[in-house]
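Report on one structure; see the data block that follows.
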Amino acid sequence: MALRMWASSTANALKLSSAVSKTHLSPAAIFSLSRCFSSVLEGLKYAKSHEWVKHEGGVATIGITDHAQDHLGEVVFVDLPEPGGKVSQGGSFGAVESVKATSDINSPVSGEIVEVNKQLTETPGLVNSSPYENGWMIKVKPASPSELDNLLGPSEYAKFCEEEDAAH
């Protein structure tokens, strides 16, 4: 299992993963972290608590980063809120349970939850296999889109992860 995870991470870092071709991203759209082989995508914003957000058409899609899922290990359960609830920037909205630990999931933006990824109830491993695509968690109508300005861009997040890993 560990060898398979390492091979998957290495293939992803070398842009050999089939997930890259499925998402129709150019190779320039992916940054690789040299320490942990995690992907950081262009076009997303990142929280220091390791959540990502993609803001399109007045809706912010939120999930945990590849870096976060890699450190968690195999995700076995995801606890998410119901649509219609509210989230606050930096506040917890759910939890991810893995074989290693349970971690809170924090919202990078404030707003109303308009959709929840129900697939994660049946297939929580999507968080591991597809953190930026099928493993998204909630969609939020941001109360203040300017909150996105306080988040990290891809290169800033990659540097943050490298520094955080080096400190541990």
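Subtracting the Cα-Cα distance of residue 59 and residue 146 from their residue separation scaled by 0.36 nm leaves 30.0 nm.
In terms of its Cα atoms, region 121-168 spans 35, 31, 15 Å along the principal axes, sorted from long to short. Excluding ligands, DNA and RNA, the accessible surface per residue across region 92-168 is 49 Å² with a 1.4 Å probe. Taken one residue at a time, the phi angles of region 153-167 give Karplus couplings (6.51, -1.76, 1.60, θ = phi - 60°) of x, x, 5, 5, 5, 4, 5, 4, 5, 4, 5, 5, 5, 5, 6 Hz. Gly and Pro are set to x. On region 49-168, 46 percent of the accessible area sits on carbon and sulfur atoms, based on a 1.4 Å probe.
The values are calculated or read from the model by the stated rules, or taken from the named source; none is laboratory data. Every value quoted in this text rests on a predicted model; they were computed, and no experiment measured them. Note: accessible area is taken over every heavy atom of the protein model, side chains too, but ligands, DNA and RNA are not part of it. Shrake-Rupley method; radii C 1.70, N 1.55, O 1.52, S 1.80 Å.
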